[in-house]
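As structure tokens, the structure follows; a few thoughts come after it.
The values are calculated or read from the model by the stated rules, or taken from the named source; none is laboratory data. What you see is a predicted model; the values in this text were computed from it and never measured. Here the Cβ positions follow ideal geometry from the backbone for every residue, glycine too, while neighbour counts run over all protein chains shown.
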Ligand code: NAP
Ligand code: F7E
């Protein structure tokens, strides 16, 4: 009988952690995740997996640890002895990274050193496979379009800079110690598990709340930024495929298609039959509900970034060639699925607080 593979996921309580845990459990893995201490329970995305923590037969387990606490990471690695480590934990909000640059660097940058060094000191570096959650934000002030694994990085936020450090650290452990360590350079990916503070979820949550009369308007920042938006459920499959390759490497996961924040808004409000007409410019621009004539979208510079990444679109050719990976969900399907989930919550009166 082949031994059940053991995976350790940092950031298991986040969007990707939830989707990845589902995927690995469906493949028969024993899944361990780290959670950090919080004054209230934040297991919404994995609540369906977390049954009886005292049942030893369960193949899903959570451990307290923190990316800022190397000892705790060391202890969990020692106890779990994983075959694959997926490092998804991060302060992942780009705008907030400008408010908390030191903390963001500590968690996203030094956190990776703590994890990799613990693996090395425990003598596990020759068999553990390591995935680092790298990001399209590394391209920042983009040097070519579309962006691929060879496009130079020009990061433009404390978040992106911390992730650049982590990207290089991952490659350094691969080159210096022969680790099976890979970076997934993932473009934006969303879904109903997306945090409420990211623009996609803010829009689908806001459109649903406005539709049900729970909110009067949706206040946003830069409507003209463009992103390459895919579905997180498709992207976690790419993470897993990278870990199954004989040789470690770095891969872009993207759809290759670009849409603006404005497109996202229009698509979401069409679903609730409230077509939007734009009026005015800059901070004075408003989105008018054509049917009622009311201004339901407004702009607040609070949501602008000190340095913006205006345009991103990825070239996933290497992932297709070497991993056989391709996104499955179209942009229209993504918006529709997120709207369906938020409309259900709005109707049931369980819509989460504004991000
Ligand atoms: P997310 O929803 O914000 O989840 C982040 C996770 O990290 C949460 O589980 C969070 O725990 C945990 N975390 C934060 N600080 C921590 C700390 N000090 N110690 C331990 N855990 C900590 O992010 P996501 O969208 O799932 O993204 C997953 C990873 O991919 C992140 O590294 C992100 O930067 C990267 N990424 C995301 C995208 C995207 O479009 N989603 C694209 C490229 C790269 P709490 O629940 O306790 O807050
Ligand atoms: O912003 C604009 C904003 O916060 C997207 C993270 O997962 O993907 C994510 O980072 C765009 C930006 O995602 C609002 O200015 C307009 O241009 O949804 P976002 P992000 O910054 O692209 C990358 C790949 C990651 O790695 C990150 O971890 O939308 N925008 N109005 C707004 N953004 C927000 N959050 N809120 C607004 O009101």
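Inspect region 225-240 for any residue being away from ligand 1 (no atom under 16 Å from the Cβ) and either within 24 Å of residue 355 (Cβ to Cβ) or surrounded by 15 or more Cβ atoms within 10 Å (Cβ to Cβ) (or both) and give the result as yes or no. No, region 225-240 has no match at all. Checked against (1) touching a strand residue (DSSP E or B) at 6+ places or on another chain (Cβ under 8 Å); (2) assigned to a loop (DSSP other than H, G, I, E, B); (3) without any contact (Cβ under 8 Å) to a residue 60 or more places away in the chain, residue 246 passes all but condition (1). Scanning region 120-134 for residues that are in a strand (DSSP E or B) and away from ligand 1 (no atom under 15 Å from the Cβ) returns a single hit, 129.
Residue count for region 314-326 under the criterion of being closer than 26 Å to residue 154 by Cα and in contact with a strand residue (DSSP E or B) (Cβ under 7 Å, 6 or more places away or on another chain): the result is 5.
Count of region 149-205 residues, restricted to those that are assigned to a helix (DSSP H, G or I) and either over 27 Å from residue 246 (Cβ atoms) or within 16 Å of ligand 2 (Cβ to nearest atom) (or both), is 18. Answer yes or no as to whether residue 117 is modelled with pLDDT of 95 or more and over 30 Å from residue 317 (Cα atoms). Criteria met by residue 117.
When region 287-304 is examined, which residues are found to be surrounded by 17 or more Cβ atoms within 10 Å (Cβ to Cβ) and within 14 Å of ligand 2 (Cβ to nearest atom)? The answer is 287, 297, 299.
Somewhere in region 149-165, is a residue touching a strand residue (DSSP E or B) at 6+ places or on another chain (Cβ under 6 Å) and either away from ligand 1 (no atom under 14 Å from the Cβ) or modelled with pLDDT of 95 or more (or both)?
Step one: filter region 149-165 for residues touching a strand residue (DSSP E or B) at 6+ places or on another chain (Cβ under 6 Å), giving 149, 163.
Filter once more, so that each one left must be either away from ligand 1 (no atom under 14 Å from the Cβ) or modelled with pLDDT of 95 or more (or both): 149, 163.
Scanning region 149-165 turns up at least one residue that is touching a strand residue (DSSP E or B) at 6+ places or on another chain (Cβ under 6 Å) and either away from ligand 1 (no atom under 14 Å from the Cβ) or modelled with pLDDT of 95 or more (or both).
Please indicate, with yes or no, whether at least one residue in region 323-330 is out of contact with any helix residue (DSSP H, G or I) (no Cβ under 9 Å at 6 or more places or on another chain) and over 25 Å from residue 262 (Cβ atoms). No.
Give region 86-102 a look and list any residue that's more than 8 Å from ligand 1 (Cβ to nearest atom) and closer than 17 Å to residue 36 by Cα, or say none. Passing the criteria: only 86. The set of residues from region 71-107 being within 10 Å of ligand 2 (Cβ to nearest atom) and surrounded by 20 or more Cβ atoms within 10 Å (Cβ to Cβ) comprises 90, 91, 92, 94, 97. When residue 145 is tested against (1) under 25 Å from residue 232 (Cβ atoms); (2) touching a helix residue (DSSP H, G or I) at 6+ places or on another chain (Cβ under 8 Å); (3) part of a loop (DSSP other than H, G, I, E, B), only condition (2) is not met.
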